[in-house]
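J.: Okay, here's the structure, questions in a sec.
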Amino acid sequence: MKHKTGSGGKVAVIFASHGDRAGKAPNANLFAQAAVVRALTGVSLVAAGVLKGEPSLEAALEAVRADGAEDVLIYPLFMADGYFVQKALPERIAAAGSIGRFQILAPLGLDPRLPPLMLTEASAAARQAGFAAASTRLLIVGHGSKFGPASAEATRLAADRMAEASLFKEIAVAFLEEEPLVGAAFASSEPTVVSGFFFGDGMHAGEDVPRAIAEANAHAVYAGAIGSSPEIPALVAAALAAQLAQIRTAPLS
């Protein structure tokens, strides 16, 4: 979803996320990622706002308004281009009032650099567990949804891109809220690396997935939520770079 940008004026970035509902430090990953991206991009204000909880998206919008930003890049830290990115986020922005020119970028989960990063982290988890990747299954666990296909489609797209590398014996997907459910994914005893297709370590990535592995007594190791990788800020900064360059150099139109 694009809105006109390109003034060469002051730029701000908003990290928009759903918001953690559990965990020892809710939204800690969001704050950490924002701080690193600020340093990598040189943007003076990288605000964080969540749709549920604190800091709210509205507080982030007010921060960039008060900062006098002429152009605002909104980066959705979501794994799919579904309801939250297509409907909830634009509606909340519109209801909060004018923030000038803004652009909602493609969400994290659709970044083509994400699957190679997931493979790297899954391979590292396999080595640490003593699993040979060539005889190990890689299970990508996503949220899924009963109300739309976007979450499952994004998860499967990432899995398909990872399968092209042929590093693991098999790459499968499972979901928390639709078939195939993660609980049934451990019916076999084959060695498995589980990769969480989630941004943070909240309730789903930090509790639901580890619980499913433990309850199944699976021969599996969990690589964690990919959004918690220390490499994510560099990936996000790269996604922002082209648009930042355009804004900083293009004449006002």
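J.: Which residue pairs have Cβ atoms closer than 8 Å, lie 6 or more positions apart in sequence or on different chains, and pair a first residue in region 57-75 that is free of Cβ contacts under 8 Å to residues at least 12 places away in the same chain and closer than 22 Å to A234 by Cβ with a second residue that is of a type in the set (A, V, I, L, M) and open to solvent by less than 10 Å² (accessible area, probe 1.4 Å)?
T.: none
J.: Among the numbered criteria (1) farther than 26 Å from A28 by Cβ; (2) open to solvent by 30 Å² or more (accessible area, probe 1.4 Å); (3) assigned to a loop (DSSP other than H, G, I, E, B), which single criterion is violated by A218?
T.: Only one criterion in (1) farther than 26 Å from A28 by Cβ; (2) open to solvent by 30 Å² or more (accessible area, probe 1.4 Å); (3) assigned to a loop (DSSP other than H, G, I, E, B) is unmet by A218, namely (2).
J.: Would you pick out the residues in region 88-116 that are under 21 Å from S229 (Cα atoms) and either of a type outside the set (A, V, I, L, M, F, W, C) or surrounded by fewer than 17 Cβ atoms within 10 Å (Cβ to Cβ) (or both)?
T.: A106, P107, G109, D111, P112, R113, P115, P116 - these are the residues of region 88-116 that are under 21 Å from S229 (Cα atoms) and either of a type outside the set (A, V, I, L, M, F, W, C) or surrounded by fewer than 17 Cβ atoms within 10 Å (Cβ to Cβ) (or both).
J.: Output the residue which, of all residues in region 200-223 that are more than 17 Å from F131 (Cβ to Cβ) and in contact with a Pro (Cβ under 9 Å, 6 or more places away or on another chain), is modelled with the lowest pLDDT.
T.: The residue in question is G202.
J.: From the list D111, D81, pick out the single residue that is modelled with pLDDT of 95 or more and within 17 Å of S195 (Cβ to Cβ).
T.: It is D111.
J.: Checking the condition in contact with a helix residue (DSSP H, G or I) (Cβ under 7 Å, 6 or more places away or on another chain) and at positive phi, which residue from G97, G109, G144, G82 passes?
T.: Matching residue, one of G97, G109, G144, G82: G144.
J.: If I ask for residues that are over 21 Å from L119 (Cβ atoms), more than 19 Å from the chain's Cα centre (by Cα) and surrounded by 21 or more Cβ atoms within 10 Å (Cβ to Cβ), which ones from region 192-215 would you list?
T.: A212
The values are calculated or read from the model by the stated rules, or taken from the named source; none is laboratory data. In this text, all values refer to a predicted model and were calculated from it rather than measured experimentally. Cβ coordinates were reconstructed from backbone atoms using ideal geometry, including for glycine residues, and neighbour counts include every protein chain displayed. These accessible areas exclude ligands, DNA and RNA; they are computed on the full protein's heavy atoms, side chains included. Shrake-Rupley method; radii C 1.70, N 1.55, O 1.52, S 1.80 Å.
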